[in-house]
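Here's the structure we're looking at; comments come further down.
The values are calculated or read from the model by the stated rules, or taken from the named source; none is laboratory data. As the structure is a prediction and not an experimental result, all values here were calculated from the model. All Cβ positions, glycine included, derive from the backbone under ideal geometry; neighbour counts span all protein chains shown. We work out accessible area using only protein heavy atoms, side chains counted, and drop any ligands, DNA or RNA first. Shrake-Rupley method; radii C 1.70, N 1.55, O 1.52, S 1.80 Å.
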Amino acid sequence: MTRDTALAKATEYFETGAFQADLARLVSYRSESQNPAPEARAESQRYLIEAMQPRLEALGFTCETIDNPDPKGGPLLLGERHEGEGLPTILTYGHGDTVLGQEGMWREGLEPWQITEEGDRLYGRGTADNKCQHLVNLAALEAVLAARGSLGFNTRIVLEMSEEVGSVGLPEVFRTYKDRLSADVLIASDGPRLQPDVPTMFMGSRGGTTFDLVVETHEGAHHSGNWGGLLADPAMILAHALACITDVRGQIKVPEWRPDSLTDSVRDALRDLPVAGGEGPAVDPDWGEESLTPAERAFGWNSFAVLAMVSGVPEAPVNAISGWARATCQLRFVIGTDPEEVVPALRRHLDAHGFARVQIQQHDRGFFSATRLDPTHPWAQFVGESIRATAGDLHVLPNLAGSLPNDSFTEILGLPTIWVPHSYRGCSQHAPNEHVLKPVCRDALRVMAGVFWDIGESGFRGG
């Protein structure tokens, strides 16, 4: 049996329709971690026990489902397939939870909890994020095992059901079960490719933290004719406070939020990477840090966004001055930004600009820290060469623009981390009409079968 045999088996799994049928079963689980209802928590448990554990056991894994130490989090599954001492050990990861299904908001003919095929697209909640992605990796392991009779390495896996609520409890689980999760490398999948037709590999992620800015000026709402010019307008105060955080093109003005980690080597890695095109929205060339390229803004710099903003009752405005205003904000940050200092730095900045009455209320989901592995790391080089051998081309990112619980793998387990995403940027994850592209899924199955074959064939351990 050869490498080509493993790739052929991965291709057959897709072309016979088995992949689509398996993905449809995974999507049918309404595993909404953002839904506090008991039935949603029970669905997360069912996903691990009914959908994941039998498949893993058939692959030769011993599995254990454990409770989340954080009451806000869902259960986790830990598994191990041991082939022998002295072999490489690969840790992989996935999350079976999703954001809310948003029933009634999807385009006509689409439903969140069932697969709908339209041309090259497979629609359904969790297709892109993250059910397709860990299904691809498990199927690739199965293809290698079927082709060779063994993997040639030891495998450990962690599946969580709380990623969409900040991976609550994951750090505590990693500290408790550190010995059972030790490995030579993490190889996992989440996020999008830069372009659908070229695989992407990234070795870290930007950190992310969210918080509310709140202004409360007086009790209740009061007639704007009687009180206009006499009562402070909280929406105006909040708008000016936001305007002091960035300039008119979104360039960050909080000194501590401006990173110093955009080194020449990172610039070299980002040079010529495509961030425009495809089916997503057009990139605004006049937005963000003016001195940086679009790729440097997205992957090498910090970005501030207002996710939502409200004052009064927008759906039924009245002639009254509201007593409050609130904006939900987010900072995505690269390494070199201390996550513990994000809010204190903003507090100092707002006070210095006369906005002491603006409250900062940090969300209780906390934050992911920023991580980055050098593109010249041996594991990055090895996996990159394997992907190129299968696909012919590869986009390499020092870190993803989005945020992942990668800091738990790097800081607690001490692992080099390699992520190979199987979605694309126009997938509508976290929104109605989420979908994956069938050609990307087919290609991803072959790419991952090649990676796992090459590790087992070479016995590579990162040295």
Taking the range 252-294, which residues are aliphatic (A, V, I, L, M), part of a loop (DSSP other than H, G, I, E, B) and open to solvent by less than 40 Å² (accessible area, probe 1.4 Å)?
254, 262, 273, 275, 292
Has the range 12-24 got at least one residue that is under 13 Å from residue 160 (Cα atoms) and at pLDDT 95 or above?
no
Any chance the range 338-348 includes a residue that's modelled with pLDDT of 95 or more, part of a helix (DSSP H, G or I), under 30 Å from residue 271 (Cα atoms) and more than 25 Å from the chain's Cα centre (by Cα)?
no
Do you know which residues across the range 155-192 are under 23 Å from residue 373 (Cα atoms) and among the polar types (S, T, N, Q)?
155, 167, 182, 189
Taking into account only those residues within the range 300-322 that are in contact (Cβ under 8 Å) with a residue 60 or more places away in the chain and closer than 16 Å to residue 239 by Cβ, which is surrounded by the most Cβ atoms within 10 Å (Cβ to Cβ)?
321
Odd one out for residue 126 among (1) touching an Asp or Glu at 6+ places or on another chain (Cβ under 8 Å); (2) open to solvent by 10 Å² or more (accessible area, probe 1.4 Å)
(2)
Among the candidates 17, 60, residue that is touching a His at 6+ places or on another chain (Cβ under 9 Å), of a type in the set (Gly, Ala, Ser) and at positive phi:
60
Please specify each residue of the range 138-190 satisfying the condition of being among the acidic types (Asp, Glu) and part of a loop (DSSP other than H, G, I, E, B).
184, 190
For the range 351-409, give me each residue that is under 16 Å from residue 200 (Cα atoms) and open to solvent by 70 Å² or more (accessible area, probe 1.4 Å).
374, 376, 381, 385, 388, 389, 393
List every residue pair whose Cβ atoms lie under 7 Å apart, where the two residues are 6 or more positions apart in sequence or sit on different chains, the first residue falls within the range 171-187 and is surrounded by fewer than 17 Cβ atoms within 10 Å (Cβ to Cβ), and the second residue, located anywhere, is in a helix (DSSP H, G or I) and β-branched (Val, Ile, Thr).
175/412; 178/412
In the range 323-350, which residues are in contact with a strand residue (DSSP E or B) (Cβ under 8 Å, 6 or more places away or on another chain), over 30 Å from residue 373 (Cβ atoms) and open to solvent by less than 40 Å² (accessible area, probe 1.4 Å)?
323, 325, 327, 328, 350
Please enumerate the residues belonging to the range 142-155 that are closer than 24 Å to residue 180 by Cβ and either among the β-branched types (Val, Ile, Thr) or touching a Ser or Thr at 6+ places or on another chain (Cβ under 7 Å) (or both).
144, 153, 154, 155
In the range 150-168, which residue that is in contact with an Asp or Glu (Cβ under 9 Å, 6 or more places away or on another chain) and hydrophobic (A, V, I, L, M, F, W, C) is nearest to residue 460 (Cα to Cα)?
153
Unique match (being among the small types (Gly, Ala, Ser), open to solvent by 40 Å² or more (accessible area, probe 1.4 Å) and modelled with pLDDT under 95) among 463, 414:
463
Helices (runs of 4 or more DSSP H) enclosed by the range 1-95 - at least 1 residues per element that are closer than 23 Å to residue 391 by Cβ, small (Gly, Ala, Ser) and open to solvent by 40 Å² or more (accessible area, probe 1.4 Å):
3-15
Flag for residue 297 being surrounded by 19 or more Cβ atoms within 10 Å (Cβ to Cβ) and under 30 Å from residue 71 (Cα atoms)
no
For the range 171-187, how many residues are of a type in the set (Lys, Arg) and under 22 Å from the mean Cα position of the chain (by Cα)?
1
Which count do you get for residues in the range 9-23 that are in contact (Cβ under 8 Å) with a residue 60 or more places away in the chain and out of contact with any Leu (no Cβ under 8 Å at 6 or more places or on another chain)?
2
